[in-house]
Amino acid sequence: MNWKQLLEQQLATAFKVSERLVRLLDEKDLAWKPSEGSNWMTTGQLLWHMGKSCGMPMKGFATGEWDMPAHSDMNEKKTEKKMPPPAEQLHAVASIDEALKLLSLDRTLALEALNHCSEEELETKPAPAPWDATPVNLGLRMLQMIDHLNQHKSQLFYYLKMQGKPVNTYHLYGK
């Protein structure tokens, strides 16, 4: 199997399952967040983040064009470690339809980014990240972005469980 095949298969599964989980929500669920602990995203904030978590950074790695202001200059030396903003400052989707549209757009962006790359680039091109200057190969960096979506997909799964939705591992892993 080559990098493109692997990444295409992983993208298809990650987005399919993410969409299936989103469809289990109702509009009233968007404001929900865990009650224990602090700095939790609401479900709506999580869905907004999921819709930006894969394709946008894959485009950055593939083209060098980072549409994320915090990552606009990869070569700038940071003197202090930046922390993400508190959850209450994060964007949120206003509807389930918006969340599904963001996921669809992000999938399209991810596939366009992947199609921008040759198999050789995926195997050999160093791809430092704005958050990690280690020169990991481009294929692995793209796989890490799919893993990023998968992490948030799992987070959504547990949000659904905590809200009392009847979900099980089939919802998370079933085809």
Restricting region 1-36 to residues that are part of a helix (DSSP H, G or I) and farther than 29 Å from residue 143 by Cβ, which is most open to solvent (accessible area, probe 1.4 Å)?
28
Among residues belonging to region 93-139 that are modelled with pLDDT of 95 or more and of a type in the set (Gly, Ala, Ser), point out the one that is nearest to residue 46 (Cα to Cα).
99
How many residues does region 83-140 contain that are of a type in the set (Ser, Thr, Tyr) and over 17 Å from the mean Cα position of the chain (by Cα)?
4
Determine the pairs where a residue that is free of Cβ contacts under 8 Å to residues at least 24 places away in the same chain, located within region 110-132, has a partner that is surrounded by 20 or more Cβ atoms within 10 Å (Cβ to Cβ) with Cβ atoms under 6 Å apart, the partner being 6 or more residues away or on another chain.
121/138; 125/138
Subset of region 32-88, residues aliphatic (A, V, I, L, M), at pLDDT below 95 and under 30 Å from residue 162 (Cβ atoms), comes to 41, 56, 68, 70, 83, 87
Tally, over region 37-66, of residues that are of a type in the set (A, V, I, L, M, F, W, C), under 14 Å from residue 88 (Cα atoms) and part of a loop (DSSP other than H, G, I, E, B)
2
Would you say residue 108 is closer than 15 Å to residue 146 by Cβ and out of contact with any helix residue (DSSP H, G or I) (no Cβ under 6 Å at 6 or more places or on another chain)?
yes
In region 102-150, how many residues are in a loop (DSSP other than H, G, I, E, B), open to solvent by 70 Å² or more (accessible area, probe 1.4 Å) and hydroxyl-bearing (Ser, Thr, Tyr)?
1
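The values are calculated or read from the model by the stated rules, or taken from the named source; none is laboratory data. From a predicted model like this one, the values you see are computed outputs, not experimental measurements. Positions of Cβ are backbone-derived with ideal geometry, glycine not excepted, and every protein chain shown enters the neighbour counts. Side chains are part of the model used for accessible areas, which takes the heavy atoms of the whole protein and leaves out ligands, DNA and RNA. Shrake-Rupley method; radii C 1.70, N 1.55, O 1.52, S 1.80 Å.
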